[in-house]
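The values are calculated or read from the model by the stated rules, or taken from the named source; none is laboratory data. Computed from a prediction, not measured in an experiment: that's the story for all the values here. In this analysis, Cβ positions are derived from the backbone assuming ideal geometry, glycine residues included, and neighbour counts consider all displayed protein chains. With ligands, DNA and RNA removed, areas are computed over all heavy atoms of the protein, side chains included. Shrake-Rupley method; radii C 1.70, N 1.55, O 1.52, S 1.80 Å.
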Amino acid sequence: LIMVQSRAVVHAIVHDYTERKLAEDRSAAFSELGQKLSEVTKPVQAAEVIVEMADRLIGWDACFLDLLATDIEQKIFSDNQVLPLVHYDIIGRDKLLVPFATKYVEPGTYSYRAITEGPQLVLRKKSESSESGFRFGDEGRISASLMFVPIRTSAKAIGILSIQSYRENAYAQQDLETLCYLAEHCSGALE
């Protein structure tokens, strides 16, 4: 009985230390993020900093950050268009920037849901088909774990941030909350 209680105490101490260490690391990362974002002058530079920090905090195999068309651009293009700022995917063994031939694209299903309904955590089996309707980079691979969060200023959505993994169940609710906080923290640099 004493040995079982000792293991429980040790486990609680280790868990508490781990949680505290993660919180300290996260705080330091967001402090660094604020400094880096204050040095950028273009939205694409801010997007690069943001996806780099998302990789550091949570990790991803593919990611993108898109901006919603401005009110003026919506009159020219469409109400449901986004401007791809940065899209990365693992191609071969490298995380590569995926170029786009067109300036504006239609947002995928999950992106649209994130903009209209709020953050989305999607966990699916690799065998399931892609409901998002939007693939980039290595189009033959389907992400199994996906997160989509809106980037907002005040109450208005100005963009969408998504990170994805090819592994099943790679993300949890806590990861979605971290990604939401990241999106909140960076909205001013993208506005």
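A few points about this structure:
- Order by protection proxy (mean Cβ within 10 Å, highest first), peptides 182-189, 114-121: 182-189, 114-121
- Counting only protein chain heavy atoms and rolling a 1.4 Å probe, the accessible areas of Leu190, Leu97 rank, largest first, as Leu97, Leu190.
- Per-residue ³J(HN,Hα) for the stretch 104-116, Karplus 6.51 cos²θ - 1.76 cosθ + 1.60, θ = phi - 60°, Hz, x for Gly and Pro: 10, 9, 6, x, x, 4, 5, 4, 4, 4, 5, 5, 8
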